[in-house]
Amino acid sequence: MKQFVVIGLGRFGSSVARTLYKLGYDVLGIDSNEEIVQSLADSITHAVQADATDENTLKALGIRNFDVGIVSIGDDIQASILITLILKEMGLKYVVAKAQNDLHGKVLYKIGADRVVFPERDMGIRVAHNLVSSNILDYIELSPDFSIVEIKVLPEWYDKTLRELNMRVKHGLNVMAIKRNEDVIVSPGAEDFIKKGDILVVVGKNKDIEKLERYI
Ligand code: ATP
């Protein structure tokens, strides 16, 4: 079973750590703040108070034996970079690091982070799309050109089939799934009907999604 070490137990790090633990994984959390460590002691496998920029401390904690490292320090960019570098040098196969901004992200990739996440930026994008159109429930950027959106169906779409809606031709978008109450119809067919209250999960080019956002 995979073992995870989460360094920096702020809002993001603690949420990742708790979720992994709930999913049944072994999670070691490290934070320099004793209070934070105490507050998480019962929610993850082990919580340790330590300065993770100290290589010897990380060695003593046996970090090299972990499969995945998550570095979740935003304010102290220097610490985030240093810790990411140490984890990669120790031989951790997969290191995820949280970046505060694009430049921080670039540096993290350069020094070997396998994945860089931008939680604040991504959540900002999702909230903005939802604010522009309240029919857009969620927005996930797949690449700079493509995204997935969840759209509340419009009244004029009720009881029409996907063929009649013709989203691919009219808007250049593909319906990947229909969410109906607790059910999800994955890869719906052209003859599947849209019902009141449905949510469409749609994939397409950002420029086509933006056009649809203005229309709905
Ligand atoms: P959030 O996820 O809450 O947005 P953030 O991006 O603002 O967090 P910080 O608050 O800077 O990040 O740091 C997150 C946590 O990392 C804090 O609890 C802090 O105590 C811890 N931390 C910072 N530097 C170190 C370090 N060198 N070693 C261990 N933990 C550290």
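The values are calculated or read from the model by the stated rules, or taken from the named source; none is laboratory data. Here the structure is a predicted model, which means the values were calculated and not measured. No Cβ is skipped: glycine too gets one built from the backbone with ideal geometry, and neighbour counts run over all protein chains shown. Accessible surface is based on the protein model in full, side chains and every heavy atom, while ligands, DNA and RNA are left aside. Shrake-Rupley method; radii C 1.70, N 1.55, O 1.52, S 1.80 Å.
Here are the numbers for this structure:
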| item | result |
| --- | --- |
| Which numbered condition Asp75 misses (of (1) exposed (fewer than 14 other Cβ atoms within 10 Å of the Cβ); (2) away from the ligand (no atom under 12 Å from the Cβ); (3) not polar (S, T, N, Q)) | (2) |
| From Gly69, Gly91, residue being on the phi > 0 side of the Ramachandran plot and more than 8 Å from the ligand (Cβ to nearest atom) | Gly91 |
| Residues of segment 78-101 satisfying the condition of being open to solvent by 50 Å² or more (accessible area, probe 1.4 Å) and either in a loop (DSSP other than H, G, I, E, B) or at pLDDT below 95 (or both) | Lys93, Gln100, Asn101 |
| Single residue of segment 170-189 satisfying the filter (β-branched (Val, Ile, Thr) and touching a Pro at 6+ places or on another chain (Cβ under 8 Å)) that is nearest to Lys207 (Cα to Cα) | Val175 |
| Output for segment 112-142, where each listed residue is touching a Ser or Thr at 6+ places or on another chain (Cβ under 6 Å), over 17 Å from Gly13 (Cα atoms) and not assigned by the TED database to the domain that holds Leu154 | none |
| Segment 6-40: number of residues that are more than 14 Å from the ligand (Cβ to nearest atom) and either among the hydroxyl-bearing types (Ser, Thr, Tyr) or not in a helix (DSSP H, G or I) (or both) | 6 |
| Selection within segment 41-56 - open to solvent by less than 70 Å² (accessible area, probe 1.4 Å), near the ligand (Cβ under 9 Å from one of its atoms) and more than 17 Å from Val95 (Cα to Cα) | Ala50, Asp54 |
